Amino acid sequence: MSQALKEFLMKKAKLEKVFKWGVRWSLWPVHLVTSCCGVEVAHTSAPGFDAERWGVLPFHTMRQSNVILVEGTITRKMARVLRQVYEQMPEPKYVLAMGACAVRGGLFWNSYHIVQVDTIVPVDVYIAGCPPTPEAVIRAFIMLHNKIKGKPGPYIEPAKVDLTPYLPPPPKPPAKPAPQPQQQQQQQAQAAA
Ligand code: SF4
């Protein structure tokens, strides 16, 4: 659909409400299962909780999805993939950070290779817990519904905590090896020449 036609339909034909209604009830999250949080998403979609009642239908590939559910730790290596795939997804697209690890690093907060999801892609809803329960995941989707409707909240914003005092001191650079007697003689000879 061309941009001009889209603008016409949204503004002049006032289809924005219908469009948002359609998006709200067609949230297709793809699992980005990087750690243990992923098992709770299986429960969320199973008959007991049945997230499909809110239009949440798990999907297989990110390029055909409109929600990324980041389930667990994101390492530096994985961060590049997350960003790349996020950019390939069609608009409108949303990101949910599930679990303490995705939100602020969780157990691995001071690890050398963990990054917070919101430093890589914009996060729409944070889901607290380790792991979050299926009820918490469904609540996050309801919050996303509210956001799409234009009535956001109630959100849980993770606190920005300065953790630097708790970090171990940076490693000292390795000491230079003492020159060997033969090297010393060479250096002295070079200095004398
Ligand atoms: S938040 Fe807890 S359950 Fe989820 S990935 Fe981290 S350690 Fe695993």
Return a whole-number percent for the relative contact order of the range 70-128, with Cα pairs under 8 Å and 6 or more residues apart as the contact set. 45
Trypsin sites (Lys or Arg not before Pro) lying in DSSP loop within the range 1-70, provided at most 12 other Cβ fall within 10 Å: K14
Cα long-axis angle, helix 76-88 against the chain (0 to 90 degrees, to the nearest 10): 40
Computed over the chain: longest principal axis from alpha-carbon atoms vs helix 181-192 long axis, angle to nearest 10 degrees, is 80
Å² per residue, accessible surface of the chain at 1.4 Å: 65
Name the chymotrypsin sites (Phe, Trp or Tyr not before Pro) in the range 3-89 that are in a loop by DSSP and that have at most 14 other C-beta atoms within 10 Å, would you? W25
Carbon plus sulfur, as percent of the 1.4 Å-probe accessible area of the range 1-87, comes to 61
Convex hull of the range 1-145 built on C-alpha atoms - directionally averaged projected area, nm²: 8.8
Give the relative contact order (percent, whole number) for the chain; include only Cα pairs under 8 Å separated by 6+ residues. 18
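The values are calculated or read from the model by the stated rules, or taken from the named source; none is laboratory data. All values derive from a computational prediction rather than experimental measurement. Virtual Cβ from ideal backbone geometry, glycine too; neighbours counted across all protein chains shown. Just so you know, the surface numbers come from the protein's heavy atoms only, side chains and all, with ligands and any DNA or RNA stripped out. Shrake-Rupley method; radii C 1.70, N 1.55, O 1.52, S 1.80 Å.
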